[in-house]
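Have a look at the structure below before the remarks.
The values are calculated or read from the model by the stated rules, or taken from the named source; none is laboratory data. Quick caveat, the model's predicted, so the values are computed rather than measured. Positions of Cβ are generated from backbone atoms using ideal geometry, with glycine treated the same way; all protein chains shown enter the neighbour counts.
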Amino acid sequence: MRMRIIGTGSYVPGRTVTNDDLAKIVETSDEWIRTRTGIGSRHISDGPGTAFMAAEAAKKAMESAGVEPEDIDLILVGTTTADHCFPSTACEVQGMLGAVRAVGYDISAACSGFIFALNTADALMKSGACRTALIIGADNLSKIVDWTDRSTCVLFGDGAGAVVAQGCESEEAGLMAMNMGSDGRKASVLECQSRTMGNFLTEKGPELGYITMEGQEVFKFAVKKVPECILKALADSGEDIEEIKYFVLHQANYRICESIAKRLKVPMDRIPMNIERYGNTSGATIPVLLDELNREGKLTPGDKLMLAGFGAGLTWGASLIRW
Ligand code: COA
């Protein structure tokens, strides 16, 4: 049995923050941000949290798939910015949707979260544990960004993307190959400590964690690992790279995607980009981009798409799907 995506949806908060807006709070410029990253603006939430955005994206995906909340038997959310330590975002989304038959839980793989969730759902579907899954990537990074650190705060935005996937018997569609990896030795390259509360033994007060990053290390890792995992997925499936219509890549930096394209010898017109409007929305970038391609009518049955991402952990992964 193969897992096939039958609907997509996405949500971003209404409030847009431009590079010029950020230049008012940190020493930066539209020119620096655009040339180094490709980002022009991002959507920032002024209230609604991760679960709300995830549920809004999920509603649209369910509508596009033509399924009801009661049809869903699995909800996976790739996120690192859950609104609560517990319950999980997936359980909150389940409550908001009334998906009473589902089991829900979160997957923590930072910007690789959606890919990890998609691949996990495929494995669960193959095992027979579920038939209709809601797979979401959602993050509210604006809440954990240090807004005085210009080297990170200009990069990120908030948003959510979702797909509904169902098991199908046909070999003509669905997830064809996947892989994932992580290297915990590189954890400190990109991290955000949790909120830590001392206890009566340490007499420490609460401390809030913010994102810290060694940008060039992440850049080097991404341009090496992403092509590797894409080539592995192609080799495992026996597909030729020329057969891939679009490479739907994690939107972290335009230049990273350009480097990946160069290494794979693939022209940029097969690497759709929307980072200019959203920045890096972490777990949401890939499903938001997929939803845009779907809604713009750019996907037709039989198209082969390579989804691939990377993020803190460090983590990376790819999913090769036939639409
Ligand atoms: N505006 C203006 N100047 C800035 C700036 C900003 N927003 N951020 C950093 N700078 C400065 C630095 O302080 C540095 O100044 P210095 O030379 O006086 O020390 C200079 O710009 C160059 O910084 P550097 O870090 O070398 O720039 P870079 O070309 O590596 O670009 C990133 C920085 C973050 C854009 C780039 O490394 C990157 O995209 N890395 C990957 C990050 C990523 O994808 N993270 C998410 C992973 S999921």
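Could you please let me know if V145 is β-branched (V, I, T), closer than 27 Å to A55 by Cβ and within 15 Å of the ligand (Cβ to nearest atom)?
Spelling it out, V145 is indeed β-branched (V, I, T), closer than 27 Å to A55 by Cβ and within 15 Å of the ligand (Cβ to nearest atom).
Being among the aromatic types (F, W, Y) and over 21 Å from D291 (Cβ atoms) is the requirement here; does F86 meet it?
Judged against the criteria, F86 is a match.
Got a sec? Which of G313, G302, G317, G309 is touching a strand residue (DSSP E or B) at 6+ places or on another chain (Cβ under 8 Å) and farther than 20 Å from D139 by Cα?
Just a single option satisfies the conditions, and that option is G302.
Just to be sure I understand, how many residues within the range 251-288 are under 19 Å from R34 (Cβ atoms) and not β-branched (V, I, T)?
Result for the range 251-288: 18.
Condition first: under 17 Å from A58 (Cβ atoms) and either touching an Asp or Glu at 6+ places or on another chain (Cβ under 8 Å) or surrounded by 23 or more Cβ atoms within 10 Å (Cβ to Cβ) (or both). Now tell me which residues in the range 4-17 satisfy that.
Correct list: I5, G7, T8, G9, S10, Y11, V12, P13.
Please tell me if I33 is surrounded by fewer than 16 Cβ atoms within 10 Å (Cβ to Cβ) and over 21 Å from the mean Cα position of the chain (by Cα).
Criteria not met by I33.
Within the range 73-90, track down each residue that is of a type outside the set (S, T, N, Q) and part of a loop (DSSP other than H, G, I, E, B).
Once the filter is applied, which keeps residues that are of a type outside the set (S, T, N, Q) and part of a loop (DSSP other than H, G, I, E, B), the range 73-90 yields D73, A82, D83, H84, C85, F86, P87.
Would you tally the residues in the range 189-208 being over 20 Å from the mean Cα position of the chain (by Cα) and either within 16 Å of the ligand (Cβ to nearest atom) or at positive phi (or both)?
Residues that pass the stated criteria total 1.
If you take the residues of the range 276-299 that are of a type in the set (G, A, S) and closer than 13 Å to V12 by Cβ, which of them is surrounded by the most Cβ atoms within 10 Å (Cβ to Cβ)?
Among those that are of a type in the set (G, A, S) and closer than 13 Å to V12 by Cβ, it is A284.
Kindly indicate the residue of the range 133-186 that is of a type in the set (S, T, Y) and in a loop (DSSP other than H, G, I, E, B) and also modelled with the lowest pLDDT among those meeting that condition.
So the residue we want is S170.
Any residue in the range 45-68 that is charged (D, E, K, R), modelled with pLDDT of 95 or more, under 22 Å from M273 (Cβ atoms) and touching a helix residue (DSSP H, G or I) at 6+ places or on another chain (Cβ under 6 Å)?
Taking every residue of the range 45-68 in turn, none turns out to be charged (D, E, K, R), modelled with pLDDT of 95 or more, under 22 Å from M273 (Cβ atoms) and touching a helix residue (DSSP H, G or I) at 6+ places or on another chain (Cβ under 6 Å).
Filter the range 166-214 down to residues that are exposed (fewer than 15 other Cβ atoms within 10 Å of the Cβ) and under 29 Å from C85 (Cα atoms), then give me how many there are.
Qualifying residue count, the range 166-214: 22.
Taking helices (runs of 4 or more DSSP H) that fall entirely within the range 221-312, which contain at least 1 residues that are of a type in the set (G, A, S)?
Answer list for the range 221-312: 254-264.
Can you name the residue in the range 209-223 that is within 30 Å of A235 (Cα to Cα) and aliphatic (A, V, I, L, M) and, of all such residues, is nearest to the ligand (Cβ to nearest atom)?
V218
In the list A123, A138, A160, A173, which residue meets the criterion of being more than 16 Å from the ligand (Cβ to nearest atom), out of contact with any Leu (no Cβ under 9 Å at 6 or more places or on another chain), within 21 Å of N280 (Cα to Cα) and hydrophobic (A, V, I, L, M, F, W, C)?
Checking each option against the conditions leaves just A160.
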